[in-house]
């Protein structure tokens with residue numbers, strides 16, 4: 001019996017420690033209580049809440065799972081399993097748990113609110129919007145519902161609607177974490193940089209040490225060409241967390257913009273040591289190497305990036321793929337570039353710029369046939385695409401199709417009469433025409449005459 005009493009006392013101490021903010025002590029007391037009596041679902045649940053507050057989300061989800069095993073239909077446990085799954089970037093599992101929580105308590109808004117976030121992360125924005133309107137019909141945290149649907153709208157590029165939703169969220173709950181920072185991001189996307197700056201500063205007055213907000217404000221200041229202020233924000237992050245890889249990366253990017261190559265190189269190499277999986281740093285190092293004429297060094301970095309691309313292609317957005325492909329072309333690796341641009345064209349087959357880059361890669365590998373095929377696709381999308389017209393004219397010259405070459409070149413010159421590359425190609429065709437005329441005259445002179 002004394003063990004059971006000790007367990008209850010540990011639970012009381014855990015509650016006191018939690019209230020005092022001593023989360024590790026609270027978790028320790030709860031574990032000691034559970035070592036005596038592991039069949040109390042509410043103790044497992046409280047341990048989960050304590051661990052979540054301490055930022056130990058994986059451990060928290062395990063505690064909620066153990067509580068669920070003892071009380072499978074408890075609404076709060078099902079809800080927290082959904083929330084912790086979201087925090088662990090597992091939105092598909094989150095939807096399942098939240099759906100069960102919704103079934104357990106149909107009149108609660110929270111499952112719908114969090115399902116807005118889950119469906120948005122899964123890219124199912126129509127369902128996210130449906131969950132949002134369901135949440136508004138019930139009493140609950142409407143501020144978080146507006147904030148979550150705003151994230152979905154931002155993902156869809158509907159920044160004006162997102163800003164409106166975030167304003168509503170801020171009016172309902174001005175203390176909602178990072179609500180003003182998210183509103184600032186929406187204004188930034190709309191080109192309202194000064195409004196965005198003021199909102200970030202407002203957020204920092206509430207949470208002066210918030211690293212995400214400091215980084216976002218720094219990036220905004222870069223966009224505003226206020227480089228000294230941006231640098232100050234990134235360095236402030238490093239005062240809080242000296243090994244924060246994004247802050248080092250942004251300082252390297254600033255140095256690169258201001259042509260301080262050695263400083264940029266040192267910053268990017270540090271980022272690579274701190275975070276070998278950083279999504280952008282290897283491409284930056286490759287670009288710096290190319291700028292310094294170190295093609296071999298650039299190729300080393302690019303081959304490393306290609307290994308990551310082949311393993312994690314879905315992680316690359318269109319801009320990432322485009323940058324990687326063009327760096328490969330600059331490093332004279334056209335075959336590898338063709339593979340990257342093929343993936344880009346597969347995602348967006350009607351984007352002329354991607355097709356043109358793919359054509360350039362094929363031409364550089366010596367595969368004129370594939371290059372011409374890609375260029376024809378560009379011209380079907382935009383018959384006035386001057387680089388494509390130039391490439392077709394050049395390819396026709398190489399295939400000795402002189403009439404077709406003149407057709408494409410004449411069209412291009414009507415659009416860009418002062419383009420130097422086109423004028424050089426016109427000179428080549430004129431020289432060829434003179435040469436053919438001379439050959440024809442010589443053939444006539446040598447021909448036998450019959451009388």
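We did not get these values from a lab; they are worked out from the coordinates using the rules stated. Computed from a predicted structure; not experimentally measured. Every residue, glycine among them, receives a Cβ derived from its backbone with ideal geometry; neighbour counts consider all protein chains shown.
Just rank 219, 165, 396, fewest to most, by other beta-carbon atoms within 10 angstrom.
Working: 219 18, 165 25, 396 21.
Taking fewest neighbouring Cβ atoms as first place, the list is 219, 396, 165.
Counting other beta carbons within 10 Å of each Cβ, put 39, 316, 75, 146 in order, fewest first. Mind showing how you got there, number by number?
Numbers: 39 8, 316 20, 75 17, 146 27.
Lowest count first: 39, 75, 316, 146.
What FRET efficiency comes out for residue 25 versus residue 364 if R0 is 51 angstrom and r is the Cβ-Cβ distance? Round to the nearest 0.05.
Efficiency at R0 = 51 Å is approximately 0.20.
In segment 336-352, whose amide N lies under 17 Å from the spot 7 Å out along Cα-to-Cβ of residue 380? List them in ranges.
From segment 336-352, the list is 342, 345-352.
Between the helical axis of 281-291 and the dominant principal axis of the chain, each derived from Cα atoms, what acute angle in degrees is found, rounded to the nearest 10?
Approximately 30 degrees, to the nearest ten.
Can you tell me the orientation of helix 159-172 relative to the chain, as the angle in degrees between its alpha-carbon axis and the longest Cα principal axis, to the nearest 10?
Once rounded, one gets 20 degrees.
Using 7 Å Cα-to-Cβ label points, what is the residue 103/residue 198 separation (nm, one decimal)?
5.0 nm
Please work out which option in (1) 31.3; (2) 19.9; (3) 21.5 gives mean projected area of the Cα convex hull in nm² calculated from these coordinates, and answer with its label.
Derived directly from the coordinates: (1).
Can you give me the C-alpha center-to-center distance between segment 127-205 and segment 9-64, rounded to a whole angstrom?
33 Å
Pairing the Cα long axis of helix 193-206 with the longest principal axis of the chain, what angle in degrees results, from 0 to 90 and rounded to the nearest 10?
Taking the Cα atoms of the chain, the angle to 193-206 is about 20 degrees.
What percent does the relative contact order of the chain come to when contacts are Cα pairs within less than 8 Å and at least six residues apart? Walk me through the intermediate numbers first.
Numbers: 555 pairs, mean separation 19.2, N = 451.
Contact order relative to length: 4 percent.
Calculated FRET efficiency, residue 348 and residue 155, Cβ-Cβ r, R0 22 Å, to nearest 0.05?
Efficiency computed from Cβ-Cβ geometry: 0.85.
For n ≥ 4 DSSP H runs only, could you compute -39500 (n - 2.57) per run for the chain, divide by its residues and tell me the 222 nm figure to the nearest 500?
Here the helix-only value at 222 nm equals -25500 deg cm²/dmol.
Among 365, 213, which comes first, second and so on when ranked by fewest other beta-carbon atoms within 10 Å?
Working: 365 16, 213 25.
Fewest-to-most Cβ neighbours within 10 Å comes out as 365, 213.
Can you give me the C-alpha center-to-center distance between segment 328-374 and segment 233-284, rounded to a whole angstrom?
The two parts, judged by their Cα centres, are 31 Å apart.
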